[in-house]
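Enquirer: Can you keep this structure in mind? I'll have questions shortly.
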Amino acid sequence: MKKSLICAALLIFISCLAATRSNAQQIYLFSQSSCEQDGVDCASSIGLYGGTIYGYSATEVDYWTSDDYSAYVDGQLYDQNGTLLDNEWDEEDFIAQVYTSTSANPGTVYTEVGYHDVIARYYYEDIGRGPEGCSPCDGCNTDCYYFYDNWYWSDPFGFSFMNGGYFGSWENVYGFGPPAEIENDETVYLGQTSQSLQTPAAKVDIRLNGNSVTGQTVSVIVGQKMNLTTSVQPSNGTVTNSQWTVPGGDFDRIANYVVVPPPQGGYTPTSATVTNLTTLTNSSVDFYWITGGSRTVQYSCKINNNAVQAQVTLNVQRPTATITAATNSSTQIASQQTVLELGDPALTPGIVFTRTLSIPSGFSGSTQWVQVFTHKNGTLTGPNGDTILHTCGLDGLYPYLLDSDATATNLKTSDSPNVGFPQTATGASTDYSATMWLLFRPTTGTNPIWVPLRKLSWSWSAAASKSGSTWTITSHSDPHNLSDSGTTDFPLWAVNADSGQQCSP
């Protein structure tokens with residue numbers, strides 16, 4: 001590629017020389033990497049622009065020198081292995097200049113080398129006469145003739161006395177003199193200039209919610225969304241072989257926990273599912289921690305076929321909590337003789353659940369209760385035989401409702417399981433097995449989820465029969481000595497127990 005561009009600053013410099021040294025004949029030699037923006041040459045700069053390396057070499061002759069010489073340059077762009085990547089040449093009356101370019105690879109040294117010459121413009125012919133001693137040669141003597149003995153190029157400033165040295169990225173070369181005549185060769189080699197640059201090494205940066213965390217230790221909390229993205233250098237590099245390494249398994253980190261339909265306080269959702277973390281080959285990854293502990297997450301890839309990696313240590317915090325359950329009454333038949341129950345929700349609930357909670361310093365969040373039946377079975381005996389009900393799933397509402405007298409510090413709830421007696425029934429039995437979960441959700445970050453902290457399982461069974469108009473309890477097993485446990489299991493269900501949908505026995 002050839003292009004003519006004379007730097008304004010260089011012209012000013014030449015004008016100053018004209019005013020002070022009218023007899024100074026010189027050549028300007030320079031090789032450099034350069035950029036152009038709006039026609040401005042970024043002299044002496046080394047740049048990487050848009051993933052491209054630009055080389056620039058030029059030979060410029062000044063005003064006086066240009067009367068006798070032309071400028072010539074050969075620009076060559078190499079990498080650190082000596083591979084020629086681009087080559088251009090130019091010859092002009094005043095300034096010969098070329099631009100070379102190549103696609104940039106990270107961590108590579110590029111060198112622009114300029115080879116500089118001046119070309120003598122004027123010559124004369126050395127005419128000989130033969131045969132030797134032939135005289136006269138006026139056309140009468142047919143044995144006498146003229147012939148071209150040689151060509152001689154004029155080198156008035158004596159550049160041919162140079163040895164063709166190596167210069168830096170910029171050099172002013174003055175004529176060496178004395179004037180000379182160059183036999184048979186009008187091209188005078190002046191020397192070479194060069195300049196090198198090294199592109200930044202390929203690099204990847206891990207970001208958490210848009211903030212760089214590469215090489216850091218960052219405190220996070222369970223339920224906080226781990227939105228990890230990456231940024232690479234060079235920014236337009238081709239990224240391949242992306243791979244995240246996220247320690248642990250499905251028991252301590254997941255992709256999501258979803259309740260369907262989306263939660264709205266006091267409603268009856270139909271299902272809750274966990275999505276495991278399986279996609280680890282994209283440039284970003286989203287997940288949630290369930291358990292606490294220190295973990296190092298790593299990302300590796302290739303940028304323009306250069307292997308790079310980065311990592312971040314996540315110090316995962318997890319609240320501590322306990323669930324306490326108290327059975328406050330025994331199985332009874334309501335005074336109206338219509339219900340077999342464990343406690344009375346309006347007076348003395350059957351089981352009361354309370355919790356304690358300690359959230360790690362620097363974080364905040366809230367808790368909620370969720371109760372799921374493993375089974376909720378019932379049998380009614382009537383004139384036409386037994387009516388059997390096998391239900392399971394979420395216990396009615398999500399989240400499980402708090403007691404009316406619950407406070408922020410005493411976030412209690414309760415359950416009073418029961419079975420109603422239809423007038424035609426002569427016998428009834430029930431068998432409950434349920435688990436109460438305490439879930440936590442942080443306020444940190446965007447789109448946090450509820451994660452399990454503790455769970456407590458309980459069961460209740462009872463049977464009664466009717467004689468005349470009186471119901472009598474024939475057997476019962478009330479929940480006692482209940483204890484909770486820490487858990488990473490989520491409350492899951494595929495049906496709502498209040499829907500009446502039958503489950504497998």
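The values are calculated or read from the model by the stated rules, or taken from the named source; none is laboratory data. These numbers come from a predicted model, not from an experiment. Note that each Cβ is placed from the backbone with ideal geometry, even for glycine, and that neighbours are counted across all protein chains shown. Surface accessibility is based on the protein's heavy atoms, side chains included, excluding ligands, DNA and RNA. Shrake-Rupley method; radii C 1.70, N 1.55, O 1.52, S 1.80 Å.
Residue-by-condition table, conditions (1) in contact with a Pro (Cβ under 6 Å, 6 or more places away or on another chain); (2) at positive phi; (3) exposed (fewer than 14 other Cβ atoms within 10 Å of the Cβ):
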{"position": "Ser429", "(1), (2), (3)": "no, no, no"}
{"position": "Ser433", "(1), (2), (3)": "no, no, no"}
{"position": "Thr446", "(1), (2), (3)": "no, no, yes"}
{"position": "Val451", "(1), (2), (3)": "no, no, no"}
{"position": "Gly500", "(1), (2), (3)": "no, yes, yes"}
{"position": "Ser504", "(1), (2), (3)": "no, no, yes"}
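Enquirer: Considering Asp403, Asp386, which residue is surrounded by fewer than 18 Cβ atoms within 10 Å (Cβ to Cβ), of a type in the set (Asp, Glu), assigned to a loop (DSSP other than H, G, I, E, B) and in contact with a strand residue (DSSP E or B) (Cβ under 9 Å, 6 or more places away or on another chain)?
Expert: Asp403
Enquirer: Give me the pairs, please: first residue somewhere in the stretch 168-189 and under 18 Å from Asp126 (Cα atoms) and aliphatic (A, V, I, L, M), second residue anywhere and open to solvent by less than 60 Å² (accessible area, probe 1.4 Å) and in a loop (DSSP other than H, G, I, E, B), beta-carbon distance under 6 Å, and either six or more positions apart or on two chains.
Expert: Hits for this filter: Ala180/Gly158.
Enquirer: Taking only the stretch 278-292 into account, find how many residues are open to solvent by less than 30 Å² (accessible area, probe 1.4 Å) and either in a strand (DSSP E or B) or under 17 Å from Asn209 (Cβ atoms) (or both).
Expert: 4
Enquirer: Those residues that are among the hydroxyl-bearing types (Ser, Thr, Tyr), within 27 Å of Asp185 (Cα to Cα) and open to solvent by 50 Å² or more (accessible area, probe 1.4 Å), I need them from the stretch 64-98; list them, please.
Expert: Listed by number, the list holds a single entry, Tyr72.
Enquirer: Quick one: what pairs do we get from the stretch 414-425, first residue more than 18 Å from Thr354 (Cβ to Cβ) and modelled with pLDDT of 90 or more, second open to solvent by 50 Å² or more (accessible area, probe 1.4 Å) and charged (D, E, K, R), C-beta under 8 Å, 6+ apart or different chains?
Expert: What qualifies is Phe421/Lys466; Ala425/Lys466.
Enquirer: Please indicate, with yes or no, whether at least one residue in the stretch 71-80 is under 30 Å from Pro179 (Cα atoms), at pLDDT below 90, in contact with a strand residue (DSSP E or B) (Cβ under 9 Å, 6 or more places away or on another chain) and among the charged types (D, E, K, R).
Expert: No.
Enquirer: A follow-up question, please. For the stretch 153-179, enumerate the residues that are in a loop (DSSP other than H, G, I, E, B), touching a Phe, Trp or Tyr at 6+ places or on another chain (Cβ under 7 Å) and under 12 Å from Thr193 (Cα atoms).
Expert: The answer is Gly164, Ser169.
For (1) in a strand (DSSP E or B); (2) among the acidic types (Asp, Glu); (3) under 30 Å from Asn209 (Cα atoms), each residue gets a yes or a no:
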position	(1), (2), (3)
Gln309	yes, no, yes
Leu314	yes, no, yes
Ala321	yes, no, yes
Ala325	yes, no, no
Ser329	no, no, no
Gln337	no, no, no
